[in-house]
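Asks: Below you will find the structure I want to go over with you.
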Amino acid sequence: MLINCPYCGPRDLSEFSYQGDGNRTRPDPASTDQAEWNAYVYDRTNIAGDHNEIWQHAGGCRAHLRLTRNTLTHKITSVSFARDERHKKPHGHRRSGAHS
Amino acid sequence: MAEYSAFSLLKNALTGNRDWKPAWRKPDPKPSYDVIVVGGGGHGLSTAYYLAKEHGITNVAVLEKGWLGSGNVGRNTTIVRSNYLYPQSIRFYEHSMRLWENLSHDLNYNVMFSQRGILNLAHTPAQFDDYARRGNAMRHGGGDAELLDPDQIARLYPGLDVSASARFPVVGGLLQPKAGTARHDAVAWGYARGADRRGVDIIENCEVTGFLRDGDRITGVTTSRGEIRAAKVAVAVAGSTGHVMKLAGIDKLPIESHLLQAFVSESLKPILPGVITWGGGHLYVSQSDKGGLVFGGDLDGYNSYAQRGNLPLVEEVMSELLAMFPAFARVRLLRSWGGVMDMSMDGSPIITTGPLPGMYLNCGWCYGGFKATPASGWCFAHTIARDEPHEINAPFTLDRFHRGILIDEKGQGSTPKLH
């Protein structure tokens with residue numbers, strides 16, 4: 001498996017470390033909603049097909065990457081810097097006070 | 001008289017081996033059953049067998065999408081052990097061990113269960129202390145365990161590098177003498193034949209494509225061979241759990257499917273008396289009765305439903321094997337393969353009623369499903385027949401994750417690739 005790092009170019013799988021399922025959204029750190037946290041920590045969509053996931057180029061530029069990779073064939077169809085979407089995250093900054 | 005015996009062997013030899021019956025029939029699916037078991041692997045087949053044997057429920061179909069034994073029951077490294085730490089795990093795997101010890105006799109089918117022992121090597125004093133703790137827990141739970149020093153280990157495994165100059169010197173080991181190996185295909189075939197002889201229909205090449213529902217209740221399945229109805233639908237599909245449960249509308253589970261590779265070398269004269277595992281990383285190796293080294297290591301480490309792996313892990317596994325046994329450097333590899341593991345969030349399985357009415361779920365075997373085959377089927381059959389778990393599988397619920405009562409043997413938390 002080769003991963004085409006947007007900064008370093010195509011590199012071998014052994015340079016990368018898998019950070020996991022990219023479909024999960026971390027709840028607001030101030031949230032005390034137990035069901036929401038449980039779902040974040042334990043529940044997975046575990047898709048057979050195109051999977052949205054986070055890798056780190058740990059043995060290279062160390063950037064975190066968002067990949068679309070098919071879990072049935074291992075074919076990678078998109079790679080981008082995870083940081084580019086920071087602004088899209090619903091809980092990217094810490095809010096004060098609990099919310100439901 | 002048993003169907004397979006010394007006498008029947010002799011009789012059939014004298015009559016030209018023309019009278020053997022196939023080990024199981026190839027029936028067409030009936031329109032309805034009392035119980036449908038989805039998945040014709042080890043666990044599905046043993047579930048059907050114990051439903052018939054222990055609970056008298058014989059109007060059962062086992063649906064298998066491929067051929068029998070094409071999944072993980074034919075892809076593992078055949079190791080049987082019960083060297084666990086927590087009481088819930090010890091109770092379950094000790095029950096499995098007792099079923100293994102009588103399995104060939106029970107099935108009238110030689111599963112070649114060989115109690116040659118498993119030895120876990122420790123490479124640091126802390127690891128050795130941890131093994132002592134685990135050994136004590138095993139003995140406390142009714143199992144067997146012995147701590148060995150490097151001299152005893154060197155006598156058992158002459159080829160093993162126990163020198164002080166090794167990168168990870170061996171400081172001791174934990175031996176479970178009752179552990180061993182079994183012929184994995186024979187386990188599938190034996191259970192299939194046992195279930196078939198009791199009236200269970202084993203239907204191969206029959207892929208479940210959806211679930212029939214009456215409101216919330218599951219009332220059957222749609223398959224590549226038509227609709228089949230049943231009062232109870234039991235799912236035991238290991239690595240395909242995520243995919244199959246989505247067909248029932250269950251989108252999220254505490255499961256990730258991961259890839260595990262295994263390897264077999266060319267045949268050698270006997271060199272490994274039992275199963276031995278390396279504690280500096282993660283490697284387990286034994287020698288098959290044909291002489292091949294059978295071994296494996298860690299998961300590839302990313303979500304996958306592909307039954308094939310990548311090369312970095314191959315290199316890692318080979319390096320670990322050579323760190324243990326430098327003499328194996330010139331042994332040639334015969335074949336390798338990959339299987340899909342249903343990795344749960346605490347490394348322990350799930351055997352439960354639900355999550356929908358009329359449905360039963362058996363999954364989360366990580367990469368330890370083979371040794372659990374008898375107890376898994378035994379407990380799952382009880383759960384299906386009585387609509388409640390046996391006390392042995394009662395802790396292995398689906399909701400334990402959200403209730404905070406995990407059974408996390410390795411203490412890794414919800415990082416399935418590390419279990």
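Computed from the coordinates by the stated procedures, all read-outs in this text should not be read as laboratory data. The structure presented is a predicted model; accordingly, all values stated were derived computationally and were not measured. Cβ coordinates were reconstructed from backbone atoms using ideal geometry, including for glycine residues, and neighbour counts include every protein chain displayed.
Asks: May I ask you to verify whether B:Ser414 is more than 19 Å from B:Ile57 (Cβ to Cβ) and crowded, with 20+ Cβ neighbours inside 10 Å?
Replies: yes
Asks: Within segment A:5-17, restricting attention to residues that are more than 8 Å from chain B (Cβ to nearest Cβ) and of a type in the set (A, V, I, L, M, F, W, C), which residue is surrounded by the fewest Cβ atoms within 10 Å (Cβ to Cβ)?
Replies: Only one residue tops the list, namely A:Cys8.
Asks: Report whether or not B:Met112 is under 28 Å from B:Tyr50 (Cβ atoms) and in contact with an Asp or Glu (Cβ under 8 Å, 6 or more places away or on another chain).
Replies: Yes.
Asks: Would you check if B:Met359 is in contact with a strand residue (DSSP E or B) (Cβ under 6 Å, 6 or more places away or on another chain) and away from chain A (no Cβ under 14 Å)?
Replies: Considered against the rule, which asks whether it is in contact with a strand residue (DSSP E or B) (Cβ under 6 Å, 6 or more places away or on another chain) and away from chain A (no Cβ under 14 Å), B:Met359 comes out as yes.
Asks: Any idea which of (1) of a type in the set (A, V, I, L, M, F, W, C); (2) surrounded by 15 or more Cβ atoms within 10 Å (Cβ to Cβ); (3) farther than 16 Å from B:Ser414 by Cβ is the one A:Leu2 doesn't satisfy?
Replies: (2)
Asks: Can I ask one more? Please go through segment A:23-58 and give me each residue that is more than 11 Å from chain B (Cβ to nearest Cβ) and closer than 20 Å to B:Leu418 by Cα, ordered by number.
Replies: A:Gln56, A:His57, A:Ala58
Asks: Please find, within segment B:236-247, the residue that is farthest from B:Gly338 (Cα to Cα) out of those that are among the aliphatic types (A, V, I, L, M) and within 14 Å of chain A (Cβ to nearest Cβ). Steps first, answer last, please.
Replies: Looking only at segment B:236-247, we keep the residues that are among the aliphatic types (A, V, I, L, M), and these are B:236-238, B:244-245, B:247.
Next cut, within 14 Å of chain A (Cβ to nearest Cβ) only: B:237-238, B:244-245, B:247.
Working: B:Val237: 16, B:Ala238: 14, B:Val244: 20, B:Met245: 22, B:Leu247: 25 Å.
Restricting to residues being among the aliphatic types (A, V, I, L, M) and within 14 Å of chain A (Cβ to nearest Cβ), the top hit is B:Leu247.
Asks: Select the strands (runs of 3 or more DSSP E) contained entirely in segment B:319-419, then report the ones holding at least 2 residues which are within 17 Å of B:Leu299 (Cβ to Cβ) and within 22 Å of the chain's Cα centre (by Cα). Explain how you work it out, then say what you get.
Replies: Values: elements: B:333-344, B:350-353, B:359-363.
Output list reads B:333-344.
Asks: Do we have any residue at all in segment B:251-271 that's crowded, with 22+ Cβ neighbours inside 10 Å, within 23 Å of the chain's Cα centre (by Cα) and away from chain A (no Cβ under 14 Å)?
Replies: Yes, because at least one residue in segment B:251-271 is crowded, with 22+ Cβ neighbours inside 10 Å, within 23 Å of the chain's Cα centre (by Cα) and away from chain A (no Cβ under 14 Å).
Asks: Check A:Gly20 against each of (1) exposed (fewer than 15 other Cβ atoms within 10 Å of the Cβ); (2) within 11 Å of chain B (Cβ to nearest Cβ); (3) at positive phi and name the one condition it does not meet.
Replies: (1)
Asks: List the residue pairs whose Cβ atoms are under 7 Å apart, where the first residue sits in segment B:308-326 and is at negative phi and at the interface with chain A (Cβ under 9 Å from one of its Cβ atoms), the second is of a type outside the set (Phe, Trp, Tyr) and part of a helix (DSSP H, G or I), and the two are 6 or more positions apart or on different chains.
Replies: Correct list of pairs: B:Asn310/A:Leu13; B:Pro312/A:Leu13; B:Pro312/A:Ser14.
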